[in-house]
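Here's the structure, in structure tokens; my notes come after.
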Amino acid sequence: MSDCIFCKIVERQLPTKIVYEDDIAIAFEDVNPQAPVHTLVIPKRHIPTLLDIPEGDGMLMGHLFEICRKIASDKGIAERGFRIVTNCNPESGQTVYHIHLHMLGGRQMHWPPG
Ligand code: 5GP
Ligand code: ZN
């Protein structure tokens, strides 16, 4: 999608620190990190929200979670702990309408989230 910033990142049209890539997904550092580790994991395919994942395509999110696990190990925070967040639609705070998992870690997290 031409006006989607995450599609532009997939197409290398924006400078971004990419930490993982395969045929289906890509992971890169958040431009405004909320923790020492704040990596975004996205499908390469443009899907605006979680509600738009086609039925029968549930494996896609499992794949994104596997990438989060790998990033947690690579960054040395797997045992300490980390948090995966995904926002859906306005009241959640979603601002980029191309689905993504926030992989957050490297500091103590709090609950409930704001
Ligand atoms: P959301 O609010 O939709 O859950 O998360 C969007 C995230 O994308 C935010 O954490 C924001 O900092 C990040 N973000 C927005 N624009 C860019 C960008 O151009 N590059 C990168 N690396 N991250 C971005
Ligand atoms: Zn997109």
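The values are calculated or read from the model by the stated rules, or taken from the named source; none is laboratory data. Just so it is clear, the structure is predicted and the values come from calculations on it, not from any experiment. Cβ coordinates were reconstructed from backbone atoms using ideal geometry, including for glycine residues, and neighbour counts include every protein chain displayed. The area values use the complete protein model at the heavy-atom level, side chains included, leaving out ligands, DNA and RNA. Shrake-Rupley method; radii C 1.70, N 1.55, O 1.52, S 1.80 Å.
A compact table of results
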{"read-out": "Residue ID - nearest to Lys70 (Cα to Cα), chosen from residues in region 1-36 that are more than 13 Å from ligand 1 (Cβ to nearest atom), in contact (Cβ under 8 Å) with a residue 40 or more places away in the chain and under 13 Å from the mean Cα position of the chain (by Cα)", "value": "Tyr20"}
{"read-out": "Matching residues, region 68-113, being away from ligand 1 (no atom under 16 Å from the Cβ), closer than 16 Å to Glu29 by Cβ and open to solvent by less than 60 Å² (accessible area, probe 1.4 Å)", "value": "Ala72, Gly76, Ile77"}
{"read-out": "Residue within region 75-92 that is outside any loop (DSSP other than H, G, I, E, B), within 16 Å of ligand 2 (Cβ to nearest atom) and more than 12 Å from the chain's Cα centre (by Cα) present", "value": "no"}
{"read-out": "Failed item in (1) open to solvent by less than 40 Å² (accessible area, probe 1.4 Å); (2) within 12 Å of ligand 2 (Cβ to nearest atom); (3) within 12 Å of the chain's Cα centre (by Cα); (4) not polar (S, T, N, Q), with Lys44 passing the rest", "value": "(1)"}
{"read-out": "Condition check for Asp52: at pLDDT below 95 and not aromatic (Phe, Trp, Tyr)", "value": "no"}
{"read-out": "Pairs where the first residue, in region 79-95, is under 16 Å from Asp52 (Cα atoms) and the second is among the small types (Gly, Ala, Ser), C-beta under 8 Å, 6+ apart", "value": "Asn87/Gly93"}
{"read-out": "Filter result (away from ligand 2 (no atom under 15 Å from the Cβ) and open to solvent by 40 Å² or more (accessible area, probe 1.4 Å)) within region 13-30", "value": "Pro15, Lys17, Ile18, Val19, Tyr20, Glu21, Asp23, Glu29"}
{"read-out": "Filter result for His38 (assigned to a strand (DSSP E or B) and surrounded by 12 or more Cβ atoms within 10 Å (Cβ to Cβ))", "value": "yes"}
